[in-house]
Each structure stands twice: as C-alpha cells, then as structure tokens.
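The values are calculated or read from the model by the stated rules, or taken from the named source; none is laboratory data. What you see is a predicted model; the values in this text were computed from it and never measured. Ideal geometry is used to build each Cβ from the backbone, glycine not excepted, and the neighbour counts take in all protein chains shown.
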Amino acid sequence: MAEPTTVLVVDDHRLFREGLAALIGRWSDFAVVGQAPDGQTAVTLAERLKPDLVLMDVRMNGLGGLDATRAIAASNPSCRVVMLSMSSAGDDVFQALANGAHGYLSKDEPPERLRAFLVRVMQGEAALSGPIAAKVLASFSSNPAGRAPALAGESLTRRERDVLKLLVEGLSNEEIAARLFITEATVKKHIGRVMSKWRMKNRVQLAVHSIRRGLVD
C-alpha cells in the first residue's frame, strides 16, 4: 500500500484551518503532518517536516501566502503548493503561479472535488477552480494584442500543440490520452519535453505560457 501524501495546512483562520485538517484526516491517501497560522511559520515547518503538499492561504498577517510559496518552492522544489482562497483576483493568481504554486483553488470547493484536485496535483497535473481557470484563460485569449510573440526556440510539433491545447482546456492526462487516441505515458512524455524545453516549473505555468505566447488558441 502506498504511503499517504503528507500535508501542511496553512491558514490564519483557526476554525477553517482545523476544519480542513480534520477533513483531510478522514482521507486514507492523505495525512496532515502540520498546521501553520501564517506564512513564516509555514516556511519553517515546511523546512522541518518536508511535506509532499502545502495547502496555502493567500492573505495572512505577516508573511503572506504568495511570498511563503516562493520561499518553499525555492527550498524544496519537490513540494507541491496549492493556494486556497476566497479571492480569484487575477494579480494573486498570476503571482502565485509565478512563485511556483501548482494550483489555485477556491475555498468554496466541495470536499470530494477538492480531494480530486489534490490527487491530480500529486500525479503531476494542475489544479485550478473553474472560475479561476476561466479568468486565467480569458486574460490572455480575449486580449490577443497583449500576447508576446512566440520565440524561435518555442516551436512545437503538431502533437505537442494538440496536447497543450487540451491541457489549456483543463483536461487531465487520462482525458487528453482518450481524446487523442494515445497513451497517458505518451501524454506525459510530450508535456515533460515541452516543460523541459521552456524550463517551466509546472503544468499551470505551461498552460499560461502557451496562451501568452500565442502558441495555442
């Protein structure tokens, strides 16, 4: 039996933090190893506990979630950070992704949907709540004039472009494989090759970069 994913829960609202930790504690494939009320405590605990996953509030007193995410991503690149927020403000979302977050979810997500998102993150996929994903895509796709031109080194094969187009739409590896009649391993291979080429940290950054450069519609 696989070891459960270890989780650090970070939120300055005690009731929410402890409630979320209790919820996750009922999931057999996840285990809460720590809680933090602010970003600085989160950075310290992440360094000591080495969790697989950090669920990070965005707005907190003292060191905020955005800066804490950058610090954790720098010190422990294998740790996945997912932001949890009531806000879908574009600036927060883009800054979180730039700082190394692997997802940005609404605190309104139903428990089972949250769990499904987190499972996907631990499988190397992305996690964006529907309204947040729509905001990310709309900010680029509705403003072609704001796109940066594609660079010579960013050219894609036809199959890479097909895979990225479906990734941008939010499909999982399994769904992309089914749509393109290829294996999940092949999907991962294409995504990994493009991430390495562009030096992207995660799939969310890859999707945003693809749209920003006009590489997919």
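Restricting attention to the range 98-116, and to residues there that are assigned to a helix (DSSP H, G or I) and either in the same structural domain as Lys201 (by TED's automatic domain parsing) or among the aliphatic types (A, V, I, L, M) (or both), which single residue is surrounded by the most Cβ atoms within 10 Å (Cβ to Cβ)?
Leu114
Are there any pairs, at least 6 apart or on different chains, whose C-beta atoms fall under 6 Å, with the first in the range 61-73 and farther than 12 Å from Ala46 by Cα and the second modelled with pLDDT of 90 or more and of a type in the set (S, T, N, Q), and if so, which?
Every condition considered, the pairs that remain are Gly62/Gln40; Leu63/Gln40.
Among all residue pairs at least 6 apart or on different chains, which show Cβ distances below 8 Å where the first residue, located in the range 117-131, is closer than 12 Å to Leu55 by Cα and the second is polar (S, T, N, Q) and at pLDDT 90 or above?
As it stands, the answer is Leu118/Thr5, since those pairs meet every condition given.
Suppose we keep only residues that are hydroxyl-bearing (Ser, Thr, Tyr) and under 13 Å from the mean Cα position of the chain (by Cα) within the range 86-129. Which one would you say is nearest to Asn202 (Cα to Cα)?
Ranking the qualifying residues of the range 86-129, first place goes to Tyr104.
Do we have Val9 as in the same structural domain as Ala116 (by TED's automatic domain parsing), farther than 25 Å from Arg203 by Cα, among the hydrophobic types (A, V, I, L, M, F, W, C) and touching a strand residue (DSSP E or B) at 6+ places or on another chain (Cβ under 8 Å) here?
No: the conditions fail for Val9.
Of the conditions (1) buried (at least 22 other Cβ atoms within 10 Å of the Cβ); (2) without any contact (Cβ under 8 Å) to a residue 12 or more places away in the chain, Val81 clears all except one; give me its number.
(2)
Looking at (1) surrounded by fewer than 19 Cβ atoms within 10 Å (Cβ to Cβ); (2) β-branched (Val, Ile, Thr); (3) within 21 Å of Tyr104 (Cβ to Cβ), which is the one condition that is false for Thr44?
(3)
For the range 1-52, enumerate the residues that are without any contact (Cβ under 8 Å) to a residue 12 or more places away in the chain and among the small types (Gly, Ala, Ser).
Gly19, Ala22, Gly25
One line per residue, one yes/no per condition, for (1) modelled with pLDDT under 85; (2) in the same structural domain as Ala116 (by TED's automatic domain parsing); (3) surrounded by fewer than 20 Cβ atoms within 10 Å (Cβ to Cβ):
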| position | (1), (2), (3) |
| --- | --- |
| Glu160 | no, no, yes |
| Leu167 | yes, no, no |
| Glu174 | no, no, yes |
| Leu180 | no, no, yes |
| Thr183 | no, no, yes |
| His190 | no, no, no |
| Met195 | yes, no, yes |
| Met200 | yes, no, yes |
| Val208 | yes, no, no |
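Provide a single number: the residues in the range 175-205 that are within 21 Å of Ala73 (Cα to Cα), without any contact (Cβ under 8 Å) to a residue 24 or more places away in the chain and assigned to a helix (DSSP H, G or I).
3
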